[in-house]
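> After the structure tokens below, expect a handful of questions from me.
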Number of protein chains: 2
Amino acid sequence: MMSQAQKIFLAEEAGFCFGVKRAIKLAFEAVSKYKENVYTIGPIIHNPQVVDELEAKGVKVVADLSAVDCGTVIVRSHGIPPELFEIAKKKGLNIVDATCPFVKKAHNYALLLKKEDYQIIIVGDREHPEVRTISSYAGDNTFIIGNKNEIRTLEISTKVGILAQTTQSLENFQEILLELLKKTNELRIFNTICDATIKRQAEARNLAKKVDLMIVIGGYHSANTKRLKEICKETGADTYHIEIAKEIDPEWFVGKQKIGITAGASTPNWVVDKVVKRIRELQ
Amino acid sequence: MMSQAQKIFLAEEAGFCFGVKRAIKLAFEAVSKYKENVYTIGPIIHNPQVVDELEAKGVKVVADLSAVDCGTVIVRSHGIPPELFEIAKKKGLNIVDATCPFVKKAHNYALLLKKEDYQIIIVGDREHPEVRTISSYAGDNTFIIGNKNEIRTLEISTKVGILAQTTQSLENFQEILLELLKKTNELRIFNTICDATIKRQAEARNLAKKVDLMIVIGGYHSANTKRLKEICKETGADTYHIEIAKEIDPEWFVGKQKIGITAGASTPNWVVDKVVKRIRELQ
């Protein structure tokens with residue numbers, strides 16, 4: 001049981017960002033319009049609850065387009081490589097492009113840097129679909145790095161272009177570019193970290209500092225949710241990452257007075273609401 | 001009187017850099033070849049002792065070309081604006097270009113950034129001839145800033161190009177670009193701080209940390225010498241900036257065991273040697 005004095009602080013910037021809202025809206029519109037043969041290549045956003053809801057309406061998640069010969073393909077918020085666009089066009093599929101406009105910008109910068117012969121460095125998680133896709137636009141002379149230590153083993157050119165996964169932490173991006181500055185002659189930086197990410201991370205950091213316990217809600221595959229967890233942990237706060245309310249363990253709250261809650265960009269409001277409700281019930 | 005245990009540590013990177021050596025060599029060659037009507041616009045380097053030596057050989061320092069109608073004009077190591085080159089050409093003067101090749105690079109980057117419509121920020125000392133000259137190549141949409149606090153009052157564009165005075169401190173340059181990164185979409189950085197500067201500053205910092213007293217030798221108008229003095233002071237070391245040996249006050253050395261010496265890029269070896277000799281005599 002928690003004490004009566006226990007208080008919940010919900011981050012204002014928690015939950016769906018502009019790009020995620022847009023992608024979900026486009027997906028629901030597409031399935032209600034076309035009804036059958038509606039696909040996404042990979043999950044539309046990194047939240048299993050939303051993906052399940054769309055699946056119930058008839059949106060099928062496929063790994064690639066090999067088994068899709070007709071119908072509508074919704075391009076996920078993280079984008080797809082140019083080759084996949086080509087295949088979809090050749091097959092005559094109806095394309096609904098739900099790529100986040102901020103991710104799309106990163107694709108265009110990657111193309112520009114490639115055209116102007118820059119060595120390209122993408123700061124981000126190597127396995128993340130957004131990063132893999134940006135990399136597919138950037139071409140062969142591209143490295144993906146997660147932190148400044150990874151620069152040591154790279155052969156840096158005299159002309160380097162740098163991009164970030166939209167959900168990277170600004171501090172990590174800054175550390176990397178300061179290292180690169182020492183090793184190259186020209187550094188052309190496109191700051192592709194989106195505003196929503198910067199605000200959400202700053203708010204999470206401030207909140208974590210003033211509470212006894214932080215709950216971070218979001219998909220386990222969501223890079224930006226994982227990053228939020230790391231940021232909260234860095235402040236020294238007790239931090240738990242959950243996907244849904246039922247994962248909550250009442251033990252976490254014993255002796256805690258102030259509870260902070262934030263959520264990743266792909267976490268629906270109703271999932272956040274359920275978590276808040278569950279915590280209140282424990283009082 | 002100093003103690004017998006007193007030791008002098010002379011920085012390896014003290015004194016003339018490549019660009020200064022080259023400029024002096026070109027100036028002496030020019031005056032020995034052309035003998036008469038040899039001019040520099042402003043002092044060739046920021047060291048009065050060297051300028052006096054050249055003057056004795058017949059090199060006249062002029063403020064501009066208004067009174068020069070024939071002969072040879074030596075372009076100083078800090079460079080001159082494109083308009084002055086044009087005037088010299090129109091007057092049919094013989095031009096010996098002693099602009100430091102690293103400064104020349106900054107001119108070319110300024111032209112490139114101007115051509116591609118960047119807002120240009122030059123990190124450096126507003127009144128320094130090198131900075132004023134780079135700025136003359138960069139054009140109207142250019143700001144010169146000395147530190148990150150000066151960014152606050154600027155209206156920053158979405159496309160910013162950044163250059164540094166070749167003798168700037170890397171730390172100050174880094175601080176400024178991290179601030180700019182938060183305010184723009186694209187930041188194109190040409191790291192025009194020269195290697196000799198980076199090495200000399202790093203060595204001065206390390207030396208200052210392990211001695212009881214630092215002597216920094218160089219012209220009072222020399223930006224890179226002033227920067228060396230600041231760097232040494234920042235470490236907490238007792239630091240004196242002198243131009244020549246006779247400025248030394250024996251009082252400075254009372255109770256000091258370890259004496260560090262460094263010198264700016266425009267300080268001749270013979271000036272440094274005289275300082276070392278004078279300190280030894282005090283023992």
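The values are calculated or read from the model by the stated rules, or taken from the named source; none is laboratory data. Note that the structure is a prediction, hence the values are computed from the model and not measured. FYI the Cβ positions are ideal-geometry reconstructions off the backbone, even for glycines, and counts take in every protein chain you see. For the accessible areas, the whole protein counts, side chains as well, though only heavy atoms, and no ligand, DNA or RNA atoms are used. Shrake-Rupley method; radii C 1.70, N 1.55, O 1.52, S 1.80 Å.
> Would you please name the residue that is nearest to A:Cys194 (Cα to Cα), looking only at residues in region A:14-56 that are in contact (Cβ under 8 Å) with a residue 60 or more places away in the chain and among the aromatic types (Phe, Trp, Tyr)?
Looking at the filtered set, the residue picked out is A:Phe18.
> Across region A:114-127, which residue is farthest from A:Ala223 (Cα to Cα) among those that are surrounded by 20 or more Cβ atoms within 10 Å (Cβ to Cβ) and under 17 Å from the mean Cα position of the chain (by Cα)?
Only one residue fits best here, namely A:Ile122.
> Report, by residue number, each residue of region B:246-267 that is within 19 Å of B:Ala14 (Cα to Cα), surrounded by fewer than 21 Cβ atoms within 10 Å (Cβ to Cβ) and of a type outside the set (D, E, K, R).
If the condition is that a residue be within 19 Å of B:Ala14 (Cα to Cα), surrounded by fewer than 21 Cβ atoms within 10 Å (Cβ to Cβ) and of a type outside the set (D, E, K, R), then B:Ile248 is the only one that fits.
> Does B:Thr239 count as more than 14 Å from chain A (Cβ to nearest Cβ) and either assigned to a helix (DSSP H, G or I) or open to solvent by 20 Å² or more (accessible area, probe 1.4 Å) (or both)?
Values: more than 14 Å from chain A (Cβ to nearest Cβ): yes; either assigned to a helix (DSSP H, G or I) or open to solvent by 20 Å² or more (accessible area, probe 1.4 Å) (or both): no.
Considered against the rule, which asks whether it is more than 14 Å from chain A (Cβ to nearest Cβ) and either assigned to a helix (DSSP H, G or I) or open to solvent by 20 Å² or more (accessible area, probe 1.4 Å) (or both), B:Thr239 comes out as no.
> Is at least one residue of region B:81-88 under 30 Å from B:Thr158 (Cα atoms) and open to solvent by less than 10 Å² (accessible area, probe 1.4 Å)? Can you show your working first?
Quick first cut of region B:81-88, residues under 30 Å from B:Thr158 (Cα atoms) only: B:81-83.
Pick out the ones that are also open to solvent by less than 10 Å² (accessible area, probe 1.4 Å) and you get none.
There is no residue in region B:81-88 that is under 30 Å from B:Thr158 (Cα atoms) and open to solvent by less than 10 Å² (accessible area, probe 1.4 Å).
> Restricting attention to region B:240-270, which residues are farther than 12 Å from B:Ile215 by Cα and β-branched (Val, Ile, Thr)? Walk me through it before giving the result.
Just the residues of region B:240-270 that are farther than 12 Å from B:Ile215 by Cα, to begin with: B:246, B:250-251, B:254-257, B:265-270.
Residues satisfying the conditions are B:Val254, B:Thr267.
> Output yes when any residue across region A:136-157 is within 14 Å of the chain's Cα centre (by Cα) and surrounded by fewer than 17 Cβ atoms within 10 Å (Cβ to Cβ), and no when none is. Walk me through it before giving the result.
Applying the first criterion (within 14 Å of the chain's Cα centre (by Cα)) to region A:136-157 yields none.
No, because not a single residue in region A:136-157 is within 14 Å of the chain's Cα centre (by Cα) and surrounded by fewer than 17 Cβ atoms within 10 Å (Cβ to Cβ).
> Pull out all pairs, ordered by first then second residue, where Cβ-Cβ is under 8 Å, the residues are six or more apart or on different chains, the first lies in region A:84-102 and is under 22 Å from A:Phe28 (Cα atoms) and in contact (Cβ under 8 Å) with a residue 40 or more places away in the chain, and the second is polar (S, T, N, Q) and not in a loop (DSSP other than H, G, I, E, B).
Partner pairs satisfying both residue conditions: A:Asn94/A:Thr72; A:Val96/A:Thr72.
> Picking from B:Val38, B:Val51, B:Val31, B:Val62, which residue would you name as being in contact with a Pro (Cβ under 9 Å, 6 or more places away or on another chain) and open to solvent by less than 60 Å² (accessible area, probe 1.4 Å)?
Values: B:Val38 fails: in contact with a Pro (Cβ under 9 Å, 6 or more places away or on another chain); B:Val31 fails: in contact with a Pro (Cβ under 9 Å, 6 or more places away or on another chain); B:Val62 fails: in contact with a Pro (Cβ under 9 Å, 6 or more places away or on another chain).
Answer to the selection: B:Val51.
> Can you name the number of the only condition in (1) open to solvent by less than 60 Å² (accessible area, probe 1.4 Å); (2) closer than 21 Å to A:Arg227 by Cα that A:Glu13 fails?
It fails just one condition, (1).
> Please report, ordered by residue number, the strands (runs of 3 or more DSSP E) entirely within region A:110-228 with at least 2 residues that are among the β-branched types (Val, Ile, Thr) and within 14 Å of chain B (Cβ to nearest Cβ).
On the way: elements: A:119-123, A:142-145, A:159-164, A:186-190, A:213-217.
Passing ranges, in order: A:119-123, A:159-164.
> Step by step: first the residues of region A:206-236, then only those that are of a type outside the set (D, E, K, R) and open to solvent by 70 Å² or more (accessible area, probe 1.4 Å), then the one that is farthest from A:Val276 (Cα to Cα). Which residue is that?
Narrowing region A:206-236 to residues of a type outside the set (D, E, K, R): A:206-208, A:211, A:213-225, A:228, A:231-232, A:235-236.
Filter once more, so that each one left must be open to solvent by 70 Å² or more (accessible area, probe 1.4 Å): A:206, A:220-221.
Working: A:Asn206: 19, A:Tyr220: 19, A:His221: 22 Å.
The extreme case among them is A:His221.
> May I pose another question? Give me a count of the residues in region B:65-80 that are more than 24 Å from the chain's Cα centre (by Cα) and surrounded by fewer than 18 Cβ atoms within 10 Å (Cβ to Cβ).
Counting residues in region B:65-80 that are more than 24 Å from the chain's Cα centre (by Cα) and surrounded by fewer than 18 Cβ atoms within 10 Å (Cβ to Cβ) gives 5.
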